[in-house]
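Please treat every number below as a calculation from the coordinates, not as lab data. Given the structure is predicted, the values throughout are model-derived calculations rather than measurements. Cβ coordinates were reconstructed from backbone atoms using ideal geometry, including for glycine residues, and neighbour counts include every protein chain displayed.
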């Protein structure tokens, strides 16, 4: 028996959407993890929110041709100030090794500097000059540490080798030649671990120094079509501009065809970009530029990266040869689905609104970068929002809750200008009785993101009537 006033609470029928993150790149390639303080596990993605964290987990080298992830670290954290970024190293420092034959090395200031490829492990052997004498002990006669581009052997003052002018050193080192396009392509499978490990799904897939290889580009496109089989992303791909690559803008068009880069999930770039003495793949800087544009728009990818400043002082080929593009030449690249750079007004800008499927595919939701990304972002947000509704009793209340939640969220995007219009419908013809009995619900979403204002035309005409009104009484 109860006596009094009682109040209970009921769960809100309209849920709060789980909005997907965007502008998060995953860089796949090689890093000098042998020099890292807290080395990341090979083949496993690493989420980093700062330069220091990335260096701690991956190490760093200015030799970007050998250690391709370092280019992504430098660009994303230092040039564009964006975070987070995910890195996936495929260089196995335990298996991909080779022996360096012992040799006499000169000691300078009680130190010997080995290349950063040298492994600081038990295979490092330090002996008297000639290699015939006694073996010196680590911790007693010398210490080792990585510094910049070197593994340093520092002689201890109290040790037996402190005054030696020459020492015999043998060691193992990482074998960078063991990393091939197939290695990188296979390593792409590790991207699926991002959701499991971090609860984050990257939407930009990058492989600087490797994406110009058809084998890698194809796997990038496949993975971008659906991370974990469901989350869409964009593969940022470079057309090679090295010895065997495209050295002119018209050759770049042929290079795109040779890559078979014709997918809406791919964004193709040419050429490379130089800043000072550093040369970047255009895809690397595009990832930073896109992330910055997204961040400026509240994390919503509705704006194109085109005509936004990039961090370079010239366009170039792989060997550093400068590439000069006119507006007409840049537009020809764009017309063939290639994003480039242009120094025309206000410094160097990213130039191009089209995904790789253009001009073959003329579906606006596929060929425009911001519209295609908006469809991907909405898709990921819907999956994350309604995942907890799976396996609940399928009744009208559940269906109405899904429709109302999605409608309210999309209406908010319309009100903020991120969509021109949107609505959610549960159409009877799309939900036959057989599907409903099988537990299948189909909710139809209509949405229109704004297109980029790619062309603005003014018509200027001489109007003689102003002469009369101005000069005649």
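See the values below:
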item	result
Region 200-221: number of residues that are within 15 Å of residue 232 (Cα to Cα) and in a loop (DSSP other than H, G, I, E, B)	4
Scope region 248-261; condition within 15 Å of residue 214 (Cβ to Cβ) and out of contact with any helix residue (DSSP H, G or I) (no Cβ under 8 Å at 6 or more places or on another chain); matching residues	254, 255, 256, 257
Odd one out for residue 229, checked against (1) on the phi < 0 side of the Ramachandran plot; (2) part of a loop (DSSP other than H, G, I, E, B)	(1)
Answer residue from region 38-72, given it is within 14 Å of the chain's Cα centre (by Cα) and touching a residue at least 40 places away in the same chain (Cβ under 8 Å) and is nearest to residue 288 (Cα to Cα) among those	72
Unique match (being closer than 26 Å to residue 422 by Cβ, touching a residue at least 12 places away in the same chain (Cβ under 8 Å) and buried (at least 22 other Cβ atoms within 10 Å of the Cβ)) among 377, 351	377
Any hit, region 312-331, residues being within 18 Å of the chain's Cα centre (by Cα) and touching a residue at least 40 places away in the same chain (Cβ under 8 Å)	no
Of residues in region 394-409 being touching a helix residue (DSSP H, G or I) at 6+ places or on another chain (Cβ under 8 Å) and surrounded by 16 or more Cβ atoms within 10 Å (Cβ to Cβ), the one farthest from residue 297 (Cα to Cα)	401
Helices (runs of 4 or more DSSP H) completely within region 299-409 that count 2 or more residues being under 26 Å from residue 23 (Cβ atoms) and in contact with a strand residue (DSSP E or B) (Cβ under 8 Å, 6 or more places away or on another chain)	327-335, 369-386
Meets criteria (exposed (fewer than 14 other Cβ atoms within 10 Å of the Cβ) and either within 28 Å of residue 377 (Cα to Cα) or in contact (Cβ under 8 Å) with a residue 24 or more places away in the chain (or both)) for residue 429	yes
